[in-house]
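The values are calculated or read from the model by the stated rules, or taken from the named source; none is laboratory data. What you are looking at is a predicted structure, and each value in this text was computed from that prediction instead of being measured. So basically every Cβ, Gly included, is an ideal-geometry build from the backbone, and we count neighbours across all protein chains shown. Calculation scope for accessible area: heavy atoms of the full protein, side chains included, ligands and nucleic acids excluded. Shrake-Rupley method; radii C 1.70, N 1.55, O 1.52, S 1.80 Å.
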Amino acid sequence: MKVVPKEKGIYSFSKDHEPVESVDLGEPILLEAEDAVGGQIKSEETPIESINWSRVNKATGPIYVKGVEKGDTLVVDILDIELAPQGVILVVPGAGALGDAEFKPKARIVKIEKGLAIFKDVQIPLRPMIGTIGVAPEEGEIPTATPYKHGGNLDCIEVTRGARLYLPVSVDGALFAAGDFHAVQEDGELCVSSVEIEGKALFKFDVIKGKKPNWPIVEGPAHYSILVSDEDLDKAVKIAAEEAVKAIMKAKNWSFEDAYMLSSLQVKIAVNQVVDPKKGVRAMIPKTIVSLDDLLYES
Ligand code: CA
């Protein structure tokens, strides 16, 4: 099986990055990943001031996926996520939902034991997830710390083991990359970081030809979630609601009014994070209401 080491990574998504590996559709590939702080904090004594911020949020890749072209949907199966025995969480003045409060920079090492993350005297069941996952955008270069239509720093707890992600492809081969694993996170990611942890993830790719979603979509057991990002949280919610209502209209062949009403009853709007350069929300639509095809558009 192909294995991509954590050293082979990028700090931005761009069509100009040379692929470090290529893979066939259906062929499993294992990506190793640094933690989001580039492995620079191994102990609580490491001063936060010593962090080289140009070496954070690396994504392993890019991977050229054969048979995938501009205008397609890249289907990403997250088959497994394996975590290192410890991770780190940190707070930095100026960052996070309470960035303007009075506090000092601080890191805590979080041990992983028997399926739990140990934070002081609080034991939290693990929910391994991939924070940063995406493909090259059509134009320009998007830092790996920013989420957008190409994916990126989505920090969505639904992007977990067993989930399937649908990404709009803008360049041939997609140029997929992933990193920034979390052992556990809750919606909002309030303090700006989670249990940031080194790990390995096993992926498999498929393609849907000639159609793509407007925003990344993650499929869980019961829902399709549309992942929308914007600097303004209200605007992100509005776009997510528009996308959800549009999908219901298509699925049911209903008027705007009826689809809008059903959205109030069945579409859950949840906040992925409020701390990245663009804030992220998701519209979770039950799979009993829409099918995948209702979420994809002709290229
Ligand atoms: Ca992140």
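Exactly which GluC sites (Glu not before Pro) in region 62-163 are in a DSSP loop and have at most 10 other Cβ atoms within 10 Å?
Passing both the DSSP loop test and the Cβ count: GLU102, GLU139.
Proximity of backbone amide H atoms, modeled 1.01 Å from N, is registered between VAL192 and ALA97 at under 5 Å, excluding neighbours fewer than 5 places apart on the same chain.
Expressed as an acute angle from 0 to 90° and rounded to the nearest 10, what is the orientation of the C-alpha long axis of helix 256-266 relative to the principal long axis of the chain? On a 0 to 90 degree scale, this one is about 40. Calculated [222 nm] ellipticity per residue, helices only, for the chain: -3500 deg cm²/dmol; basis is -39500 (n - 2.57) per DSSP H run with n ≥ 4, divided by all residues, nearest 500.
What does the C-alpha gyration tensor say about the overall shape of region 189-253? Classify as rounded when a/c is under 1.5, otherwise prolate if a/b is larger than b/c, or oblate. Oblate. The distance separating the Cα centre of region 283-299 from that of region 14-81 comes to 27 Å. Considering only VAL122, VAL65, VAL274, the mean-square fluctuation computed in a Gaussian network model of the chain, springs between alpha carbons under 10 angstrom, is largest for VAL122.
On average, how much accessible surface per residue is there in region 1-93, in Å², for a 1.4 Å probe, leaving out ligands, DNA and RNA?
44 Å²
Relative to the longest principal axis of the Cα atoms of the chain, helix 233-252 runs at roughly 40 degrees.
Taking amide H positions as modeled 1.01 Å from N, with prolines and chain starts lacking one, the residues under 5 Å from LYS6 and 5 or more places away or on another chain are GLU32. The H on the amide N of PHE181, modeled in the peptide plane, is under 5 Å from the matching H of ALA36, GLY131, ILE197, each at least 5 residues off or on a different chain. Between ALA145, ALA177, ALA101, the Gaussian network model of the chain with springs among Cα atoms under 10 angstrom shows the greatest mean-square fluctuation at ALA101. Karplus-derived 3J(HN,Hα) values for region 166-181, using 6.51 cos²θ - 1.76 cosθ + 1.60 with θ = phi - 60°, are 10, 10, x, 8, 10, 9, 4, x, 6, 6, 7, 8, 8, x, 6, 6 Hz; glycine and proline are entered as x. Per residue, the solvent-accessible area of region 217-298 (1.4 Å probe, heavy atoms of protein chains only, all protein chains present) comes to 48 Å². Please give the Cα centre distance for region 199-252 versus region 151-181, rounded to the nearest Å. Here the answer is 11 Å between Cα centres. At the residue level, ARG164 shows approximately 90 square angstrom of accessible surface with a 1.4 angstrom probe and all protein chains present. DSSP loop GluC sites (Glu not before Pro) in region 218-299 with at most 13 other Cβ atoms within 10 Å of their Cβ, which ones? The qualifying sites are GLU231.
Comparing PRO28, PRO213, PRO221 in a Gaussian network model of the chain, where Cα atoms under 10 Å apart are tied by springs, the biggest mean-square fluctuation is seen for PRO221. Here region 236-299 is treated with +1 on each Lys and Arg Cβ and -1 on each Asp and Glu Cβ, and its dipole about the Cα centre works out to around 260 debye. Taking only protein heavy atoms and a 1.4 Å probe, the accessible area of the chain is 53% carbon and sulfur. Of the residues PHE203, ALA270, GLY188, the one whose Cα sits farthest towards the positive end of the charge dipole of region 188-299 is PHE203 (charges of +1 on Lys and Arg Cβ, -1 on Asp and Glu Cβ, taken about the Cα centre). Listed by chain and number, the aspartates and glutamates placed with their C-alpha closer than 14 angstrom to that of LYS42 are GLU34, GLU196, GLU198; residues fewer than eight positions away on the same chain are left out.
In the chain, Cα pairs under 8 Å separated by at least six residues give a relative contact order of 23 percent.
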